[in-house]
Structures are given as structure tokens and as C-alpha cells.
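Here's the structure we're looking at; comments come further down.
The values are calculated or read from the model by the stated rules, or taken from the named source; none is laboratory data. In this text, all values refer to a predicted model and were calculated from it rather than measured experimentally. Here Cβ is always computed from backbone atoms with ideal geometry, including for glycine, and neighbour counts include all displayed protein chains. Just the protein is used for accessible areas: all its heavy atoms, side chains included, with ligands, DNA and RNA removed. Shrake-Rupley method; radii C 1.70, N 1.55, O 1.52, S 1.80 Å.
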Amino acid sequence: MSHQPGRHFLQIPGPTNVPLSVLAAIAQSTIDHRGPDFARLALGVLAEIRTIFKTSKPVIIYPASGTGAWEAALINTLSPGDKVLMYETGWFATLWSRMAKRLGLDVELIAGDWRSGVDAAAIEARLADDKTHAIKAVAMVHNETATGVTSAVPPVRRALDAVGHPALLLVDTISSLASIDYRHEEWGVDVTVGGSQKGLMLPPGLAFNAISDKARSAAAKARLPRSYWDWEEMLAANEKGLFPYTPATNLLQGLKVAIDLLHDEGLENVFARHDRAAEATRRCVRQWGLEVNCRNPHEHSSSLTAVRLPEGRSADALRAEILARCNMSLGNGLGPLADKVFRIGHVGDFSDLTVTGTLAGIEIGMKALGIPHRAGGLDAATTYLSGASEAARSETPLRVAKAV
Ligand SMILES: Cc1ncc(COP(=O)(O)O)c(C=O)c1O
């Protein structure tokens, strides 16, 4: 590829920009994964990663992409033919349900419109009907990366509790962990699935399962075949600062620094920074006269915004134009949203200038292609970010609304 001046703007909703201090840690020499230095590193990150998931129980770290953590969550807890209730929030919920089917589970997928989040009332109604407790797990995606919609987890927990249903609650936080408020233990989640390449500001390559005591007990009886993904073998090795196979040593070196960065900023401040970037982005998009894909204001994602283009306009052509002119990557539409939406990532390591630079690049692309839009989008974003807007100041932070 020929050199393009200026740095590349990686504004897809993950993988995200990796801070230089994290890259430097990853670039350190690879160490002996059975030596004392590694044991210190492993015991440290295995303890500290719990603070990110907000759990006092174990978090498993696999050398894998997020898809591996999906599989691990299912095969450690379930047996062939078990019924799993899932909710079609979008592309990633659909992929997870397809995987569950391929693994031999009996999947019931509640249909969704790819513009809204999980309907806890629909889950409660289905669980209430399940008098024999045939449903062994409820699985949901906290932040649907394809649609820019965040689903509240506590109402789903309450739905299970309201009807006294013993199913496990499995939650995918791959595009919300360390960017949108999430509380594994307080919210009564049994398995939380995570990945390294988004809010954690690392390259792809680490996948996580945070597990409850109930999930661990379920694993003792679960009969789906498993080997690489087996929790108990991993937990036994982890106790001594070891892994049952070669861990992603250098990514763990990076993880240590990434966790420190998150705590230096303060997790609450990290969430607030993402909320602000998302709100600034939406104000800009609305001023342009374009539509945000997420239908419900209380479900807007703080880590990405999916933007719908007017009928007959190609989102992929716009993304290609922006890449060529501005050296910026935006996320594509997935599944039925292909070519209809583009996705703006505001997740991980970014500042107000990253956000406004991103929005400026989109304006350049729209002007170049003659996509009709109103002027003043950037102004709406900078006014909000400068704190000059009274409305902005009095607004309830979205993450508070989401936690309810
Ligand atoms: C919400 C969600 N779940 C699962 C995945 C799959 O993760 P991976 O591509 O790391 O395997 C992604 C990837 O973007 C995602 O956004």
C-alpha cells in the first residue's frame, strides 16, 4: 500500500486504536510462560481483570477471538439437546445462535427488528410458559455491534427471578466491556463473554469468560464435548500462574498496561467519555438529517453509532470514498443492513478530537459524493462537547438509564 500522510483513523467498532504504552508492552521480549516472571504477570492480570468485569469470581482468559469465548460459554455449561433461549438483536446474536445450533443445542430465537434491544417482557413470558424448566440458558448480547443498540441486563435478570426460573444467564459484552457500564456479579450474570479488541484497547487475540459459582456447578454436569475450552483445567493451572497450553504471553503483557490505563482514568470516567462521544455523534448525525439505526433513545449504544443512509445511497461507496480521501476506516453494515448503514466506532482509546475528526471525515465523504445532508453537523457535535449546551448539562447520563 502506498503511504498516505497523516495517521490512519481506525474508527470501526473494534478492533480499536491501541495506545502506544500498550503497544510498547506487547513489544517487550516474549518470556518463558512457565517461568516466575510469567507467573507474576498471570496472577496479576487474572486478579485485576475481575475489576473490569466487576466480579469477585474467576475470569478465564483464552488465547482466542471473541467467537471462542462464545463457544466456551455454551459448551462448558450445557448438554446435547439442551434448550437455549436467545434474542435476535442483530448479526452477532444471530451468529451466536447459529453456533449454538451447530453445537447440538435446541435454540429458540425470539425475533427482533435489528433496531431495538432485548425485550425482557417477551423473555419473561416465554420463561413463564416453560413449566418444566426445559430452557437451560438465556443468552443475550449486551451491546449489538451490528445495530448500535445496548440492551439492559437487569430487566432480563428480573425476568428470570420473577418466574423463579433456574436457567443460566449468558451475556456477550464483546463490544461493551470497559466502555459501557457492566456489572457481572451485581447483575446476577452466570457467564459473561468478552474480547480484547474493543474497550480493552488491545489487539484481537484474547477472549474471556467471567463465571459465577452457579455456572461452575453447571459445568460439572454439562456433557457437550470440550477440551481446549474446559474451564476446570484452566482454573487449576491459573491458580499457580500457569495455563494448560501456551498463553498469548505478549497480549497479557499488554493487558496489564491496558487495565492500569482504565483504572488511572477511572472506569466511571471511561464510561462517561464514551457516553459523551456517542451523544456528540448522534447530535451531528441528526443535524445532517440522517437517521440513527437505534430506535429507542434509552438503548443508544455508547461504543458505536450505526447510521442509516437514505434509500438508493450506498453506505459502502461512502465508506470507500472516506477511506480513499481521509485514510479513515468506518464499520460496514452486516447481514440485512449491508450497504444500508455505516457504523461509527467511538470505543477504546479516543479523545474529543478523534470524535470530531471522524465526523469531519464523514462530512468530507458525503460532500464528495453529493449525498444530501444539512450543514452544521460538526457544529452540533462541538457545541455539545464544549459543554455549552444547557440541554446537554441537564441530561441524565445514558449509562445510568441503561443500568436500571
Ligand atoms: C458483540 C460481538 N459478539 C461477538 C463478536 C465476535 O468476536 P470475534 O470477531 O472476536 O470472534 C463480535 C465481533 O465484533 C461482537 O461485536
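Numbers at a glance
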{"quantity": "Residue check, Thr89 open to solvent by less than 10 Å² (accessible area, probe 1.4 Å), of a type in the set (Ser, Thr, Tyr) and outside any strand (DSSP E or B)", "calculated": "yes"}
{"quantity": "Of all residues making up the range 180-208, the number that are within 12 Å of the chain's Cα centre (by Cα), of a type in the set (D, E, K, R) and more than 9 Å from the ligand (Cβ to nearest atom)", "calculated": "1"}
{"quantity": "Test: Ala278 is in contact (Cβ under 8 Å) with a residue 60 or more places away in the chain and either at negative phi or not small (Gly, Ala, Ser) (or both)", "calculated": "yes"}
{"quantity": "Gly266, sole failed condition from (1) under 26 Å from Leu41 (Cα atoms); (2) in contact (Cβ under 8 Å) with a residue 40 or more places away in the chain; (3) not β-branched (Val, Ile, Thr)", "calculated": "(2)"}
{"quantity": "Lone unmet requirement of (1) within 29 Å of Glu186 (Cβ to Cβ); (2) in a helix (DSSP H, G or I); (3) more than 13 Å from the ligand (Cβ to nearest atom) for Trp96", "calculated": "(3)"}
{"quantity": "Long-range neighbours under 6 Å by Cβ, at least six apart or interchain, first residue modelled with pLDDT of 95 or more within the range 157-180, second part of a helix (DSSP H, G or I) and within 14 Å of the ligand (Cβ to nearest atom)", "calculated": "Leu170/Ala73; Ile174/Gly66"}
{"quantity": "Candidate set: the range 252-303, residues that are basic (Lys, Arg), closer than 20 Å to Thr150 by Cα and open to solvent by 60 Å² or more (accessible area, probe 1.4 Å); chosen: the one nearest to the chain's Cα centre (by Cα)", "calculated": "Arg276"}
{"quantity": "Test result for Glu232, open to solvent by 20 Å² or more (accessible area, probe 1.4 Å) and outside any loop (DSSP other than H, G, I, E, B)", "calculated": "yes"}
{"quantity": "Cross-chain or 6+ apart pairs with Cβ under 7 Å, the range 54-75 first and under 22 Å from Asp213 (Cβ atoms) and open to solvent by 10 Å² or more (accessible area, probe 1.4 Å), then part of a helix (DSSP H, G or I) and within 12 Å of the ligand (Cβ to nearest atom)", "calculated": "Trp70/Trp96; Trp70/Met99; Glu71/Met99"}
{"quantity": "Among (1) within 23 Å of the chain's Cα centre (by Cα); (2) open to solvent by 50 Å² or more (accessible area, probe 1.4 Å); (3) over 20 Å from Ser196 (Cα atoms), the one test that Glu48 misses", "calculated": "(3)"}
{"quantity": "Single condition Arg102 does not satisfy, out of (1) surrounded by fewer than 16 Cβ atoms within 10 Å (Cβ to Cβ); (2) within 20 Å of the chain's Cα centre (by Cα); (3) within 16 Å of the ligand (Cβ to nearest atom)", "calculated": "(2)"}
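To keep it simple, each residue is scored yes or no on (1) of a type in the set (Ser, Thr, Tyr); (2) more than 16 Å from the ligand (Cβ to nearest atom); (3) out of contact with any helix residue (DSSP H, G or I) (no Cβ under 8 Å at 6 or more places or on another chain).
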site: Thr132; (1), (2), (3): yes, yes, yes
site: Ala137; (1), (2), (3): no, yes, no
site: Val141; (1), (2), (3): no, no, no
site: Ala146; (1), (2), (3): no, no, no
site: Val153; (1), (2), (3): no, no, yes
site: Ala159; (1), (2), (3): no, yes, no
site: Val163; (1), (2), (3): no, yes, no
site: Ser176; (1), (2), (3): yes, no, yes
